[in-house]
Amino acid sequence: MSFLSSITKTLVSTGLFVSLCVIPAFASEKAYFENVQGKWSGSGEIVAGKYKNTRFSCSFTGHAPVGVGMDIRGKCRVGLFSQKMSARITKQGNSFSGTFLDGAKGKGLDIVSGSLRSNRLVVGINRKKLNGTMVANLRSRNKMRITISVRANNRLVPVIGLTLNRNGVNKTAFAD
């Protein structure tokens, strides 16, 4: 079973609600997305479902596409197994759209909505009957927390937490 399949099954069976602290706001949406550019690495954990307590590590490179948004590509590793990962998010009117991996038509998720407030991007994710959120919280210019949640019984439940550091600075696992 691939790492992606494990994550997808976990997402289908659980969900997330996360309370994140707020730090000073970036000057604009463009500034937020420009700050995502560069090399990031860190570790994470599946915090709910069948694969609960599974730890993994990831490395990504962020780019700014034309317009407002971000394009992140890299890989995540669990033990000896690795899986390519990617996400592309672009501004569409007052919201956001995009894909995680190859989108819901493939083996990934569609990004169907979103908003950016201060240092926190919240996007809606969807794949068939699976609905949830991905939160990308820039805690500083060198630290980003990503949390994936899914809706279960009309509430969001935490599923995956990942802390990324620019160029590997202060690596920490998801814990709060």
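The values are calculated or read from the model by the stated rules, or taken from the named source; none is laboratory data. This structure is a prediction, so every number in the text was calculated from the model and none was measured. Please note: Cβ atoms are built from the backbone with ideal geometry, for glycine as well, and neighbour counts cover all protein chains shown.
Based on what the data block shows, is V169 part of a loop (DSSP other than H, G, I, E, B) and either among the hydrophobic types (A, V, I, L, M, F, W, C) or at pLDDT 95 or above (or both)?
Yes: the conditions hold for V169.
Can you confirm whether the range 94-104 contains a residue that is among the aliphatic types (A, V, I, L, M), modelled with pLDDT of 90 or more and at positive phi? Walk me through how you get there before you give the answer.
Going residue by residue through the range 94-104, those that are among the aliphatic types (A, V, I, L, M) are 101, 104.
Of the ones still in play, those that are also modelled with pLDDT of 90 or more are 101, 104.
When the remaining residues are screened for being at positive phi, the result is 101.
Among the residues of the range 94-104, at least one is among the aliphatic types (A, V, I, L, M), modelled with pLDDT of 90 or more and at positive phi, which makes the answer yes.
List the pairs whose first member sits in the range 47-59 and is closer than 17 Å to R145 by Cβ, whose second member is among the polar types (S, T, N, Q) and modelled with pLDDT under 95, and whose Cβ atoms are under 6 Å apart, counting only residues at least 6 apart or on separate chains?
So the pair list comes out as A48/T14.
Restricting attention to the range 90-105, which residues are without any contact (Cβ under 8 Å) to a residue 24 or more places away in the chain, outside any strand (DSSP E or B) and over 20 Å from S28 (Cβ atoms)? First the steps, then the outcome.
Going residue by residue through the range 90-105, those that are without any contact (Cβ under 8 Å) to a residue 24 or more places away in the chain are 92-95, 97, 99, 102-103, 105.
Narrowing the set further to residues that are outside any strand (DSSP E or B) leaves 93-94, 102-103, 105.
Matches in the range 90-105: D102, G103, K105.
Kindly evaluate G79 against the criterion of being over 27 Å from N53 (Cβ atoms) and either buried (at least 19 other Cβ atoms within 10 Å of the Cβ) or free of Cβ contacts under 8 Å to residues at least 24 places away in the same chain (or both).
Here the answer is no, as G79 does not meet what is asked.
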